[in-house]
1. Considering only the range 245-306, give the strands (runs of 3 or more DSSP E) lying wholly within it that have at least 3 residues that are touching a residue at least 40 places away in the same chain (Cβ under 8 Å), farther than 18 Å from LEU382 by Cα and open to solvent by less than 60 Å² (accessible area, probe 1.4 Å).
2. Collect the residues in the range 189-222 that are under 19 Å from PRO90 (Cβ atoms), open to solvent by less than 30 Å² (accessible area, probe 1.4 Å) and either free of Cβ contacts under 8 Å to residues at least 24 places away in the same chain or not aromatic (Phe, Trp, Tyr) (or both), keeping them in residue-number order.
3. Have a look at SER250, SER260, SER280, SER256 and point out the one that is under 25 Å from VAL373 (Cβ atoms) and of a type in the set (S, T, N, Q).
4. Quick check, is ASP227 within 20 Å of the chain's Cα centre (by Cα), closer than 26 Å to ALA178 by Cα and not in a strand (DSSP E or B)?
5. Considering only residues that are of a type in the set (A, V, I, L, M, F, W, C) and more than 18 Å from GLU128 (Cβ to Cβ), look in the range 43-68 and name the one that is most open to solvent (accessible area, probe 1.4 Å).
6. Within the range 130-140, can one find any residue that is in contact with a strand residue (DSSP E or B) (Cβ under 7 Å, 6 or more places away or on another chain) and surrounded by fewer than 18 Cβ atoms within 10 Å (Cβ to Cβ)?
7. Applying the selection to the range 47-68, what residues are within 18 Å of the chain's Cα centre (by Cα) and either among the acidic types (Asp, Glu) or under 22 Å from GLN343 (Cβ atoms) (or both)?
8. Of all residues in the range 175-188, count the ones that are open to solvent by 30 Å² or more (accessible area, probe 1.4 Å) and either free of Cβ contacts under 8 Å to residues at least 60 places away in the same chain or touching a helix residue (DSSP H, G or I) at 6+ places or on another chain (Cβ under 8 Å) (or both).
Amino acid sequence: MTSPGLNRRTFLTTAALGAAAVGTTQVTDSVTAGAAAGAPAILKPLPVERFIDYGTNAETRWDSVDPRRYLTPQADLFVRNHTATPQIDPETYELEIFGDGLRDPAGVRLTLDDLKSFRHVETTSVHECTGNGRSFFTTQQGQEVSGTKWTLGAVGAVRWKGVRLADVLTAAGIRQDAVSVQASGLDAGYVDKGVDYGRVRRPFPVEKAFDDALLVWGANGEDLLPDHGFPLRLLLPGWIGIASIKWLGSLEVSTSVLTSPWDTKWYNVGGPLTVNPVRSALELEWNAEIPAGDRIVLSGRSWSGAAPIARVEISTDGGETWARAVPHAPGRPTGGHGLGWAQWDHTWRNPEPGAYEILVRATDRAGRSQPDVAAHNPGGYLFDAVVRHPVTVV
């Protein structure tokens, strides 16, 4: 339903007009997904051969990733929950948009059908937890940090389907002096050390809303799974995962800069964190044993929140020498900001039996590269250093 200040006919007419200039990008991949009883806070299954289960969170095992598949099936995508996955009835669901940044501060309440009346768009982006790689602050750099001890599996590439947030805000009557939008989820309030911080929420600038932000209901050609935000989530491509609020319940539009604990107390290192760094991962088990041979093919992926990957280099001797990895991208998606990941492989020739550390480093088209040492912060955010991956050739 809509507020008295914006009747349904006016809103939907505005939506249709605003959608006329919006294009749709098509990409192709197959996907299988399903939800069933899993961990107490997570609804989908978490088989041990595909996930490391942390209770409220779960990360993908890189040795379970199919090198031939570009997109990450929802069934295999990592889960980051602050509390537990809610189950929301799409028939009664409404998104509230309100605030002094609208011509009518009372705003509007929109059903899924209202939102789907806008022109649909699709884009592919890498979705990643801000703490991905956190464990390496301790195991590789000897530094203590707080939070879930992710390795590198809190990441995936997803084709999203939804509508442009810019079109919805325009139809809702956003003012020219609006500067901030705060997204709030419908999951239960988050309690930490006896303090109830309320529902997960985080603000972002209006500029991002009008750049590439989406309201999405689909992933890889299917409806979102409950664990990934069904029936609707926000998507801020390239930005840290917490910015893309799941189970979106409201958007507050303001003429002043909004804040929340999720951009001041957490996810803040000298200022609110936004764009994800450059990272790389091998599609290989940690401490893998590799049969000796004259040709061993190593594969993996590199990604960046700012720009497509320009170059990937790999070292099989602990960083003494480096070689260019060979890119390969079956059915590489296009469109959006091109923020999918780069797939690559490298042929390791005639390695002698023994212990090795394999290193991978990437550079994106914005000139950002992976450093040897990640900048330490107590929250363990944005670990982007080159990871030293141990293997044994047997």
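The values are calculated or read from the model by the stated rules, or taken from the named source; none is laboratory data. Quick caveat, the model's predicted, so the values are computed rather than measured. Cβ: placed from backbone, ideal geometry, glycine included. Neighbour counts: every protein chain shown. What goes into the accessible areas is simple: the full protein's heavy atoms, side chains included, and nothing from ligands, DNA or RNA. Shrake-Rupley method; radii C 1.70, N 1.55, O 1.52, S 1.80 Å.
1. In the range 245-306, 248-254, 295-303 are the strands (runs of 3 or more DSSP E) which contain 3 or more residues that are touching a residue at least 40 places away in the same chain (Cβ under 8 Å), farther than 18 Å from LEU382 by Cα and open to solvent by less than 60 Å² (accessible area, probe 1.4 Å).
2. The answer is LEU214, LEU215, VAL216, GLY218, ALA219, ASN220.
3. Values: SER250 fails: under 25 Å from VAL373 (Cβ atoms); SER260 fails: under 25 Å from VAL373 (Cβ atoms); SER256 fails: under 25 Å from VAL373 (Cβ atoms).
Just one listed residue meets the conditions, SER280.
4. So ASP227 fails the test.
5. Going through the range 43-68, the residues of a type in the set (A, V, I, L, M, F, W, C) turn out to be 43, 46, 48, 51-52, 58, 62, 65.
Retained after the next criterion (residues that are more than 18 Å from GLU128 (Cβ to Cβ)): 43, 46, 48.
Numbers: LEU43: 45, LEU46: 29, VAL48: 112 Å².
Within the range 43-68, the match that is most open to solvent (accessible area, probe 1.4 Å) is VAL48.
6. Let us first name the residues in the range 130-140 that are in contact with a strand residue (DSSP E or B) (Cβ under 7 Å, 6 or more places away or on another chain), namely 132-133, 140.
If we keep only those that are surrounded by fewer than 18 Cβ atoms within 10 Å (Cβ to Cβ) too, we end up with 140.
For the range 130-140, residues in contact with a strand residue (DSSP E or B) (Cβ under 7 Å, 6 or more places away or on another chain) and surrounded by fewer than 18 Cβ atoms within 10 Å (Cβ to Cβ): present.
7. Residues satisfying the conditions are PHE51, GLU59, THR60, ARG61, TRP62, VAL65.
8. Matching residues across the range 175-188 total 2.
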